[in-house]
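Single-structure report; data block below.
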Amino acid sequence: MTTHGDPATQPGAPAVAARTGSPEDAEDPSATTGDDSLPAALAGLRAAIGAARFPLALPSAEPAERAAAGLAAQLDDYLLPRLGRLDAPLLVVVGGSTGAGKSTLVNSLVQARVSAAGVLRPTTRSPVLVCSPADSSWFRQGDLLPGLTRTNEPGEDPHNLQLVTAPALPAGLAFLDAPDIDSVVDANRALAGQLLAAADLWLFVTTAARYADAVPWELLRSARARGTVIAMVLDRVPPEASDEIAAHLGEMLTEQGLGQAPLFVLPETWVDGQGLLPARVTAPLADWFTRLAADADARAAVVRQTLDGALAAVHPTVEGLADATEEQLAAADALDERVRAAYRSAHRTVEQGLRDGRLLRGEVLARWQEFVGTGEFFRTLEARIGRLRDRLVAAVTGRPAPAAELRTAIESQLVTLLRGVAAEAAEHAYTGWKAHPAGAALVDAGLAHPGEDLPERAERLVRDWQRGVLELVRVEGGDRRFVARTAAYAVNATGLAVMIAVFASTAFVPTGLEVATGAGTTVAAQAVLQAIFGDQAVRTLANKARADLLDRVRALLDEEAERYLARTGAARPGPETTDTLRQAADRVETARHRSGLAAGPGEERR
């Protein structure tokens with residue numbers, strides 16, 4: 001067995017003490033136990049992360065969800081429990097690739113068959129934690145890794161943590177045999193990552209055949225970024241290639257900024273009848289851990305470095321989460337604007353329809369002509385304006401049917417317009433969302449069309465508006481004697497004239513054969529109203545009726561748009577989420593420096 005690294009990392013002295021400063025220079029981590037600001041800041045951060053959501057299908061959403069889940073787990077599993085008990089036993093998580101011999105190594109270090117080893121893969125299905133009998137109460141309390149159920153029996157449930165005591169293991173040190181980091185079982189891989197994030201020290205086991213695999217190096221880089229203390233075991237090395245392979249792995253460690261990680265090389269060998277490696281093979285590594293367990297200052301230095309590294313990684317991680325929530329909010333705003341633009345356009349189309357006279361054509365025009373009289377009525381209207389009131393009353397009194405038909409025609413024309421603009425708006429909103437990655441994940445085919453009950457709601461809108469116009473005539477008429485004298489039919493007739501005036505209230509530019517009928521219709525409606533109410537009252541009535549109609553149309557279209565907006569509303573993060581995350585991260589960083597855990601000016605966090 002050989003080792004590689006800084007001379008201070010050789011088995012003659014605990015390597016981690018050299019990496020984090022001598023015990024005399026190291027600041028006492030217990031100083032943080034009297035300062036509850038850091039745990040409080042972390043608790044606030046945990047709440048902020050729990051409230052963060054990334055539901056919109058953006059490229060940043062899935063990485064953000066993983067980062068948030070990982071940070072939340074590390075807070076629950078390691079940071080908060082460890083800050084609560086800085087003097088707790090040092091947890092060494094043994095991780096590595098499939099078949100690297102992790103379980104065999106753990107069994108050999110504690111001199112007992114505590115973790116199942118074999119040729120079937122994956123071997124370690126639920127994690128096994130081995131500690132001294134003196135330390136078992138700390139791990140049974142469940143403060144560390146609280147999401148795992150403690151058990152005394154081996155099993156296959158990855159949510160269980162099997163606790164085993166080994167008298168040969170000194171107090172102050174515990175080993176956790178984790179599942180394979182490249183396991184074919186998804187739950188095992190996820191658990192392996194969770195356990196490694198809860199380690200005070202990583203004992204990373206690889207083999208001569210697999211030390212260059214990509215997955216271990218990805219995790220090692222992650223550990224380095226978090227400042228986690230790492231020791232490496234190169235297992236199953238052919239004796240004739242030991243120096244060459246160890247040198248190459250050492251070069252790779254140096255290239256990745258891990259050159260000071262102690263490296264232990266285990267040659268290929270046989271196991272004994274208990275499945276344990278020969279004592280002479282594991283003796284240097286076992287001695288290294290024995291000295292570490294006996295040196296409280298060295299253990300404190302390990303905790304200090306790993307804890308501070310994990311805390312230092314919080315701020316950039318949370319900053320990434322805040323950026324992702326900003327992207328979520330921006331995407332939700334963009335989707336909402338596409339919907340609102342579509343329905344604003346629909347409202348403008350209705351408004352334009354009231355201005356350009358299109359609603360006066362066809363059936364409405366024919367019914368209006370039938371209602372007020374023949375063509376002779378239009379030709380003589382201006383000269384006989386003084387007698388118009390009586391002519392109108394007489395005409396309506398004897399002919400209720402044309403009024404009803406005109407009202408129906410107006411309703412039909414408006415409903416047709418509303419259905420058309422609602423359908424066009426729904427199509428435009430649907431197309432706009434389909435073109436956006438987040439919108440495409442939210443829509444379904446039903447949103448491409450108006451709501452199923454739109455026709456009924458549109459008909460109800462028009463009928464309510466028509467009743468509103470009649471009420472407006474009663475209220476705005478002013479001359480109560482007129483209303484009393486001409487009774488309800490005059491109010492109805494006048495209301496119909498107001499509706500026609502709404503449709504032709506601005507310059508109507510007819511074409512072709514519509515010149516005579518269309519222009520005459522405009523003049524007739526206005527003349528009828530002017531004869532009854534006066535010129536100013538006509539404008540007031542028409543403007544109020546038009547505004548009322550447009551308000552009702554806007555409400556209808558808003559209801560249609562809400563079918564979309566409700567989906568972004570349900571997915572949208574709270575507007576305060578971004579600020580809350582950043583403020584929580586800032587508080588953690590401030591508390592970290594105040595606690596004394598952060599590396600000082602002359603120290604380098606590795």
Hey, Ala57 under 21 Å from Leu329 (Cβ atoms), under 23 Å from the mean Cα position of the chain (by Cα) and outside any helix (DSSP H, G or I) or not: yes
Subset tally (residues that are open to solvent by 50 Å² or more (accessible area, probe 1.4 Å) and of a type outside the set (S, T, N, Q)) for segment 431-463: 13
Elements of type strands (runs of 3 or more DSSP E) in segment 113-229, at least 3 residues being hydrophobic (A, V, I, L, M, F, W, C) and closer than 24 Å to Leu83 by Cα: 128-131, 173-177, 201-207
Residue list for segment 63-91, restricted to those being of a type outside the set (A, V, I, L, M, F, W, C), at pLDDT 90 or above and in a helix (DSSP H, G or I): Pro63, Glu65, Arg66, Gly70, Gln74, Asp76, Asp77, Tyr78, Pro81, Arg82
Count of residues meeting criterion [farther than 22 Å from Leu144 by Cβ, over 34 Å from the mean Cα position of the chain (by Cα) and buried (at least 18 other Cβ atoms within 10 Å of the Cβ)] in segment 158-209: 3
Among (1) modelled with pLDDT under 90; (2) more than 19 Å from Gly193 (Cβ to Cβ); (3) not acidic (Asp, Glu), the one test that Arg150 misses: (1)
Every residue from segment 247-264 that is open to solvent by 10 Å² or more (accessible area, probe 1.4 Å) and in contact with a Ser or Thr (Cβ under 8 Å, 6 or more places away or on another chain): Gln260
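So, of the residues in segment 222-246 that are in contact (Cβ under 8 Å) with a residue 60 or more places away in the chain and of a type in the set (Asp, Glu), which turns out to be surrounded by the most Cβ atoms within 10 Å (Cβ to Cβ)?
Asp235
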Test: residue in segment 277-292 that is within 41 Å of the chain's Cα centre (by Cα) and open to solvent by less than 10 Å² (accessible area, probe 1.4 Å): no
Set Ala293, Ala300, Ala310: member being in a helix (DSSP H, G or I), at pLDDT below 95, touching an Asp or Glu at 6+ places or on another chain (Cβ under 9 Å) and among the aliphatic types (A, V, I, L, M): Ala300
Pick from segment 444-459, criterion part of a loop (DSSP other than H, G, I, E, B) and free of Cβ contacts under 8 Å to residues at least 60 places away in the same chain, ranking: farthest from Pro55 (Cα to Cα): Asp453
Hey, Ala57 touching a helix residue (DSSP H, G or I) at 6+ places or on another chain (Cβ under 9 Å), at pLDDT 90 or above and open to solvent by 30 Å² or more (accessible area, probe 1.4 Å) or not: yes
So Ala571, is it open to solvent by less than 30 Å² (accessible area, probe 1.4 Å), small (Gly, Ala, Ser) and modelled with pLDDT of 95 or more: no
Unmet requirement for Asn152, which otherwise passes all of (1) touching a Lys or Arg at 6+ places or on another chain (Cβ under 9 Å); (2) over 25 Å from Leu79 (Cβ atoms); (3) free of Cβ contacts under 8 Å to residues at least 24 places away in the same chain: (1)
Flag for Ala383 being modelled with pLDDT of 90 or more, open to solvent by 70 Å² or more (accessible area, probe 1.4 Å), out of contact with any helix residue (DSSP H, G or I) (no Cβ under 7 Å at 6 or more places or on another chain) and over 25 Å from Leu470 (Cβ atoms): no
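The values are calculated or read from the model by the stated rules, or taken from the named source; none is laboratory data. None of the values given here were measured: they were computed from a predicted structure. Every residue, glycine as well, gets a Cβ built from its backbone with ideal geometry; the counts of neighbours run over all protein chains shown. Keep in mind that these areas ignore ligands, DNA and RNA; they rest on the heavy atoms of the full protein, side chains included. Shrake-Rupley method; radii C 1.70, N 1.55, O 1.52, S 1.80 Å.
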